[in-house]
1. For region 199-213, does any single residue satisfy the condition of being under 22 Å from residue 165 (Cβ atoms) and in contact with a strand residue (DSSP E or B) (Cβ under 8 Å, 6 or more places away or on another chain)?
2. Would you point out which residue out of 178, 189, 184 is touching a residue at least 60 places away in the same chain (Cβ under 8 Å) and in the same structural domain as residue 235 (by TED's automatic domain parsing)?
3. Only one of 416, 387, 421 is outside the structural domain of residue 178 (by TED's automatic domain parsing), within 18 Å of residue 175 (Cα to Cα) and of a type in the set (A, V, I, L, M, F, W, C); which?
4. If the requirement is being part of a loop (DSSP other than H, G, I, E, B) and either of a type in the set (Lys, Arg) or touching a Cys at 6+ places or on another chain (Cβ under 7 Å) (or both), which of these qualifies: 303, 268, 276, 335?
5. Run down 183, 152 and say which single residue is modelled with pLDDT of 95 or more and either within 21 Å of residue 94 (Cα to Cα) or not in a loop (DSSP other than H, G, I, E, B) (or both).
6. Yes or no: residue 199 at pLDDT below 95 and surrounded by fewer than 18 Cβ atoms within 10 Å (Cβ to Cβ)?
7. So, in region 348-403, how many residues would count as being at pLDDT below 95 and aliphatic (A, V, I, L, M)?
8. Could you list, in sequence order, the residues of region 121-176 that are touching a Gly at 6+ places or on another chain (Cβ under 6 Å) and closer than 20 Å to residue 22 by Cβ?
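The values are calculated or read from the model by the stated rules, or taken from the named source; none is laboratory data. Small disclaimer: the values here were computed from a predicted structure and weren't measured. As a convention, Cβ positions derive from the backbone with ideal geometry for all residues, glycine included, and neighbour counts pool all protein chains shown.
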Amino acid sequence: MEKKTVVLYPGVGVGHLAPMLELAKAFLHAGDQQVDVAIVVFEPPVYANGFAATVAPAKASNTSVALHVLPPPAPPSDDGESGDDAEPDDPLARMLRFLRATNAPLRDFLHALSASRRVQAIVLDMFCADALDVAAELGLPAYFFFPSGAAGLACFLGLPAMRASVGTSFAALGESAVLSFPGVPPLRVADLAQGLADDGEACKGIIGVAARMPEARGILINSFESLEPLAMRALRDGLCVPDRPTPPVYCVGPLVSPGGDTDHDCLRWLDAQPDRSVVFLCFGSLGTFPKKQLEEIAVGLERSGQRFLWVVRSPPGGPSADNVGALLPAGFQERTEDRGLLVKNWAPQVDVLRHRAAGAFVTHCGWNSTLEGVVAGLPLLCWPLYAEQKLNKVRIVEAMKLGVEMRRDDDDVVTAEEVEAKVRWVMEDSDGARALRKRAAAARDRAAEALAEGGPSRAAFLEFLKDLLASEGMVNV
């Protein structure tokens with residue numbers, strides 16, 4: 001039987017590559033299907049953080065998956081006209097231009113790959129809509145992998161119609177203006193994903209990508225149905241794309257790293273702590289704070305009296321995190337050394353969250369981190385920073401009811417008083433905290449059931465695989 005290959009194209013960014021690696025494993029664990037998996041990535045521009053550090057261990061630990069790292073495409077030549085080719089200031093706009101420029105080398109890669117195997121389909125990251133043109137040219141079925149959840153997809157698909165209906169930029173409506181997307185709690189303009197408020201290049205690019213997503217044969221999302229039932233119902237009923245059919249949506253998550261790191265000092269420290277007694281604070285690969293905010297966190301943690309494990313990164317332009325004492329109030333480490341641990345820059349997050357001593361998670365609400373917290377069964381203290389994290393915060397607090405918000409003051413600071421109050425509340429035995437912990441534990445159990453044999457996410461993936469294998473693959477090479 002001819003071996004069939006599915007190509008996964010995650011675009012750029014660690015937050016998009018990591019769940020695509022987990023999707024690759026799902027293909028390999030789906031039974032005796034004759035499917036190989038190849039992942040193709042391009043060396044990103046300098047603003048993509050942590051790429052090399054993710055790719056190297058991914059290659060080493062996923063030897064059954066062919067991971068192809070291609071050189072970045074050449075920058076567009078300057079035609080001397082009106083400065084249109086000048087590099088945009090907005091990182092999101094730069095990323096979309098970069099992804100558009102990868103079409104030609106992606107086409108060449110697929111041509112070369114098809115010389116030795118049958119290329120059955122391509123699965124594109126949510127931002128790689130321009131690659132639909134490559135797939136169409138080659139007669140290759142294309143699916144999207146949306147690395148966030150059902151409510152995120154509902155908003156994303158609804159953006160073109162929403163922008164057309166308001167008749168102006170979202171920013172012009174004002175930050176407190178409320179937008180209603182089917183299946184999603186009401187959102188303020190201030191909660192929209194970064195780059196969408198104005199009508200700049202990034203906003204137009206994202207809306208253009210969203211408008212093309214229904215062209216795909218299907219859409220995979222990294223969530224599970226019982227976590228977001230209202231959003232899934234809106235997607236299935238076609239309410240999110242009012243002017244055309246919505247392709248099949250497959251809820252195949254939670255796709256999260258299995259962890260397995262046992263050789264880290266913070267895990268040995270956790271071994272010595274009581275069950276469910278430690279608050280874990282970690283804000284993603286890009287999450288940094290100015291020194292003033294770091295000091296407010298430290299004061300709040302000290303006053304709370306609770307155990308904590310805090311991943312500290314140095315602020316932009318500030319002292320190195322290697323010198324943690326220079327970032328925090330004088331004497332803080334000494335005064336809290338019997339109940340707190342500071343970790344510089346990075347910790348094995350999945351293993352920390354699943355440790356028996358972990359009791360709550362202060363998170364930036366990135367979707368990967370959100371799912372890791374849900375799978376671990378921890379209450380979430382929500383502190384969104386960038387990208388779509390404010391939207392995720394609304395979903396976590398209002399729809400899933402698995403967390404509470406860390407509120408900012410008028411100067412956009414989460415004060416020491418707020419840190420102290422929320423950490424105390426979530427760790428102490430109040431009625432509200434007990435109810436939150438109970439919901440978090442139930443969500444953890446439903447997540448496990450979703451991926452179990454015969455579970456809804458496993459069934460959805462097999463349904464997607466059946467559709468993929470029924471396609472003709474690349475026929476026009």
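1. So far as region 199-213 goes, yes, one or more of its residues are under 22 Å from residue 165 (Cβ atoms) and in contact with a strand residue (DSSP E or B) (Cβ under 8 Å, 6 or more places away or on another chain).
2. 184
3. Selected residue: 387, the only one of 416, 387, 421 that is outside the structural domain of residue 178 (by TED's automatic domain parsing), within 18 Å of residue 175 (Cα to Cα) and of a type in the set (A, V, I, L, M, F, W, C).
4. 276
5. 152
6. yes
7. Summing the residues that are at pLDDT below 95 and aliphatic (A, V, I, L, M) in region 348-403 gives 1.
8. 125, 127, 128, 143
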